[in-house]
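So the structure is just underneath, and the comments pick up after that.
Any read-out appearing in this document is the output of simple, stated calculations on the displayed coordinates, not a laboratory observation. Small disclaimer: the values here were computed from a predicted structure and weren't measured. Virtual Cβ from ideal backbone geometry, glycine too; neighbours counted across all protein chains shown.
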Amino acid sequence: MLQIFAVQMKEKMSPAVFNRLLNESSLERQKKAQRFVKYEDAARSLIGERLAREAIARHTGMSVFDIRFAENKYGKPHVIGWRESLYFNVSHSGEWIVCAIDIRPVGIDVERIIPIDLQIAHQFFSKQECVQLMSMPAEQRLPYFFEIWTMKESYIKADGRGLSIPLNSFSINMSRSSAELFIENGRSACYFKQYDIDVSYKLAVCSVRAVFPERIITMEHASFW
Ligand SMILES: CC(C)(COP(=O)(O)OP(=O)(O)OC[C@H]1O[C@@H](n2cnc3c(N)ncnc32)[C@H](O)[C@@H]1OP(=O)(O)O)[C@@H](O)C(=O)NCCC(=O)NCCS
């Protein structure tokens with residue numbers, strides 16, 4: 001069953017914890033973390049892998065440190081050496097690091113709501129999405145932009161091709177209480193759910209199944225670092 005885990009990086013990670021997480025990460029993650037200019041970005045990256053390990057260990061019974069990863073050609077990580085169907089996806093923004101795990105393809109995206117020029121929608125949103133955005137009352141446009149943005153990102157991440165799918169090549173149609181995905185050939189069988197993780201953030205999950213958990217499992221960071 002689909003599960004969603006989240007951890008909040010409330011304060012700056014101590015160098016001791018950083019080094020421990022670094023040593024406990026895969027070699028690829030170590031290289032990636034060391035390439036970041038900003039300490040916080042490296043810390044988020046290390047926590048992302050660690051949160052995925054925790055989620056996968058809970059789901060499979062594997063030991064956190066025995067889990068090995070590989071990536072598809074678009075950079076989406078998956079677990080190797082586990083024979084049953086297993087999919088996970090990680091996202092991080094600001095203080096939050098989240099991970100979705102399921103037996104079917106899943107994508108997740110969390111974004112901090114920051115002030116942006118909404119004209120950017122013309123570049124990344126479909127025509128219908130732009131019309132819907134501009135029909136919202138002015139004060140609701142920014143949160144709505146991030147709502148649609150996280151759903152779009154969760155879709156390209158569930159698919160696994162990431163940003164090689166042009167963001168304006170498909171459309172999220174908000175009808176009543178549900179969101180529907182329209183691609184070139186018509187409606188697509190993908191489902192979305194948004195979660196209220198934090199007033200300053202938007203979080204969306206995309207799944208090929210219409211069954212979502214009611215709640216996110218928030219982990220205390222003390223439980224794993
Ligand atoms: C995946 C992508 C949409 C991420 O968007 P983002 O909002 O900036 O970042 P998020 O925090 O939501 O997600 C990042 C995580 O998504 C996962 N991810 C990476 N590529 C992914 C993909 N193609 N599909 C799904 N998930 C992916 C990773 O776990 C990554 O975590 P990490 O950076 O700590 O390793 C975007 O970076 C992308 O499309 N990358 C692919 C680029 C590519 O094609 N590269 C070619 C191979 S090198």
Study note, to complete from the structure: Flagged as over-length at 27 Å C-alpha distance, from 76/193; 12/202; 32/152; 32/127, the pairs are 32/127
Study note, to complete from the structure: Calc'd 3J(HN,Hα), the range 122-134, phi into Karplus 6.51 cos²θ - 1.76 cosθ + 1.60 (θ = phi - 60°), Hz, glycine/Pro = x, comes to 5, 7, 10, 9, 6, 4, 4, 5, 5, 4, 4, 4, 6
**Study point:** Helical contribution to [θ] at 222 nm, DSSP H n ≥ 4, -39,500 (n - 2.57), averaged over the chain, rounded to 500
**Key:** -10000 deg cm²/dmol
Point to revise | Length-normalised contact order of the range 3-223 in % [C-alpha pairs under 8 Å, at least 6 apart] | key: 21 percent
Exercise for review: Could you check which residue among 32, 73, 193 shows the biggest mean-square fluctuation in a GNM of the chain with a 10 Å Cα cutoff?
Suggested key: 73
Practice item. Could you tell me what fraction of 2.2 N^0.38 Å the Cα radius of gyration of the range 3-223 comes to, as a two-decimal ratio? Key: 1.03
Review point. What nm value, rounded to one decimal, do you get for the distance between residue 80 and residue 220 when each label is placed 7 Å out toward the C-beta?
Key: 3.7 nm
